[in-house]
Each structure stands twice: as C-alpha cells, then as structure tokens.
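Below is one structure; the comments refer to it alone.
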Amino acid sequence: MKWVTYEAGDGVRTGVLDGGSVRGLAAGTTLEGLLTTGGLTEAGEDAWRAPAEVHELAEVRLLAPLRRPPSVRDGLCFLDHLRGCYRALGRDVELAEVWSRSPAFYFANADAIVGPYDDVPISPGSTMFDLELELGAVIGRGGRDLHPDRAEEHIAGFTLYNDWTARDHQVVDMAQGIGMAKSKDSAITLGPALVTVDELEPYRRDGRLMLELSATVNGEELTRGTLAQMDWTFGELLAYISRGTDLTPGAVIGSGTVPGGCLLEHVDTPGLGDFKRWLRAGDVVSLSGVGLGETRQTVTQGIDVIPLRADG
C-alpha cells in the first residue's frame, strides 16, 4: 500500500492511494499511531473496504507521510558520495579504514520534517544551500541488537528523503567536531507516500531492493542511481544503529546520499566541481524513485541571521 497524510479542507487525515484517489481513514488516525500500535495492515484493509472519505488526489494537499516521527537518523551508506565530496573539495579520495568498519550515521531533526510539495526556505545566513537525494526507511516493528541478515524485516516501508544542507554552516559544525548541527537543522523532506515493503518486492534482486532514484534542479537532471550502489545495506545499517538501544516503530532512517545526488559533488565554486551554482530562491528541486513517486519543491529566501551578541 501507499500511505499518505493529507489535508482536504477539514484537518489532517491519513489514507491510502488508490490510483488517482485517496481513501481516507477516520479523523485523528495518524501513521505514527498505526505504526506504534501495529495496526497498519488492518487499517489499510479498512481504508479499502470502508473508507471514511474518498477524495480525488488532485483535490488534496499531500503532507509528509510521517509529520513528527519519534526519531530520525541519517546514514552514509554510499561511500562513493563521500569520495565525490572529497574530490570536489580537492581532497584525497582514498577513504580511511574506519569507513569500512561500520556505517556512519547522525541524529537528524525530527521537528524539521516538511512535505513533498512544501516550499523550503534557505537556512538562515546560508549562501551554500544544497539538496541530498536519499531513501528513507520507516521502522514498523521495534527491536534492538538486530541481526544484519534479519533487520530489514523490521522495516514497514520506504519514502523519498531530501536531506537539505547548508554547506557553509557544515564547515562550522565540522570544525566544532561534535556532530551535525545548524547545517542539517532547517528541513527534511519525506514523501510523497510511505510505500510498504510488499509494494516494492517486484524490485528486489538477490535479496536487495534495486530501486532507481533521481534528482533534478529546474528540470535538469543532477544524478540518477540505484540502491545497488550502497556499500552498507539497510540491514547492516539497522543492525548497527540498534546495538544496545531500541529502534521504535515510526523511526525514520535515511540511506545517505546517492552518489552525485548533491550540489557539493558538482557545484562551480572555487576549488569545487562543474555544476552551475548553489541553490537560490526560485529553484525547483525534485526527487523521484521507481515505485515511490516524486517530490517537487520550490526553494525560497530564508530569513536574515539575528546576531547572538550586539557586537557580532
């Protein structure tokens, strides 16, 4: 099933896509709640059999399928993305051995979730605003200390994930050395739907999903890639994340950026690569994935920075 969260004039509702229509459940039902109670499958059957309402898709506004997940972590499972960033920065692309020991991840801002067609303001004070093409896995069944061969059984479904990044703020974050902060704090796009695992089984090859993902800026393709390029699988990522801690239903785990799926790997800035520029107000950014749908968002001007001190 393809689960959506939407507005149709009488508040936020949850439902499933049926071609060009949405079959909605009763008011107050949320995907977060259904995942927590384990009622996703039964609720989906109810939506098909006896929906509380039905709307044409063109009549509703799609929101992020999970508007406030209990947690968001973002991995780095495509090491060629890291090599591409290093290359653009003029650094040695030979990765340290630590990158082959375990998949890296950081905790992202669950309060920064935006919908698949929402405008995205540039982070305050940023002149190097970037997109990142990713896939998000949503946990359906909780657990801890998961085995990498079975951890994917805990995934309820997948959604497109745009990890908007202020690259100039990231320089500060990395210099301070305690993790991603204001560079990753302003927006994370999820949507347009949470597509359940069973819907994507036709794209599984040799035990792995082979979904193709792509990103465009103003209609110009930035990159196209597949999950076959992942150096760390979702099973390995979830197993590592769950060591000694609980993964809870509704948690979102990002795959990391598909190689070439951010401007840092391309942008024409002194010392960098060959794309035209960083994002600016008016740019339209779209992500798409086979079986997952498409996001389409306009970048808008951000607010000015408020000085922290009178002299600064």
State all residues of the stretch 202-222 that are in contact (Cβ under 8 Å) with a residue 12 or more places away in the chain, in a strand (DSSP E or B), under 27 Å from ASP130 (Cα atoms) and out of contact with any strand residue (DSSP E or B) (no Cβ under 6 Å at 6 or more places or on another chain); if no residue qualifies, say none.
LEU209
Say we look at the stretch 218-248 and pick out the residues that are of a type in the set (Gly, Ala, Ser) and loosely packed, with under 15 Cβ neighbours inside 10 Å; which of these is nearest to THR298 (Cα to Cα)?
GLY219
Six or more apart or on different chains, Cβ under 7 Å: which pairs go from a residue in the stretch 172-198 that's more than 22 Å from VAL290 (Cβ to Cβ) to one that's surrounded by fewer than 18 Cβ atoms within 10 Å (Cβ to Cβ) and among the hydroxyl-bearing types (Ser, Thr, Tyr)? Could you list them?
GLY179/TYR106; MET180/TYR106
Here is a list: ALA50, ALA27. Which entry is among the aliphatic types (A, V, I, L, M) and without any contact (Cβ under 8 Å) to a residue 24 or more places away in the chain?
ALA50
Cβ pairs under 7 Å, 6+ apart, first in the stretch 115-131 and over 10 Å from SER183 (Cα atoms) and of a type outside the set (Val, Ile, Thr), second at pLDDT below 95 and in a strand (DSSP E or B)
none
By residue number, the members of the stretch 36-57 that are under 16 Å from ARG141 (Cα atoms) and out of contact with any Leu (no Cβ under 8 Å at 6 or more places or on another chain) are THR36, THR37, GLY38, GLY39, THR41, GLU42
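Looking only at the stretch 294-312, filter to residues that are more than 30 Å from LEU135 (Cα to Cα) and in contact with a Gly (Cβ under 8 Å, 6 or more places away or on another chain); which one of those is surrounded by the most Cβ atoms within 10 Å (Cβ to Cβ)?
VAL305
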May I ask you to verify whether GLU7 is without any contact (Cβ under 8 Å) to a residue 60 or more places away in the chain and either exposed (fewer than 13 other Cβ atoms within 10 Å of the Cβ) or assigned by TED's automatic domain parsing to the domain that holds GLN229 (or both)?
no
Can you find, within the stretch 47-68, the residue that is surrounded by the most Cβ atoms within 10 Å (Cβ to Cβ) among those that are in a strand (DSSP E or B) and not β-branched (Val, Ile, Thr)?
LEU63
Residue pairs within 7 Å by beta carbon, gap of at least six or interchain, first lying in the stretch 235-257 and in contact (Cβ under 8 Å) with a residue 24 or more places away in the chain and part of a loop (DSSP other than H, G, I, E, B), second surrounded by 24 or more Cβ atoms within 10 Å (Cβ to Cβ) and of a type in the set (Val, Ile, Thr), listed first then second, are THR248/ILE139; PRO249/ILE139; GLY250/VAL138; GLY250/ILE139; ALA251/ILE139
By residue number, the members of the stretch 249-271 that are surrounded by fewer than 22 Cβ atoms within 10 Å (Cβ to Cβ) and among the β-branched types (Val, Ile, Thr) are VAL267, THR269
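The values are calculated or read from the model by the stated rules, or taken from the named source; none is laboratory data. Just so we're clear, the structure is a prediction, and the values are computed from it rather than from any experiment. When we count neighbours, we look across all protein chains shown, and the Cβ atoms used for this are built from the backbone with ideal geometry, even at glycine.
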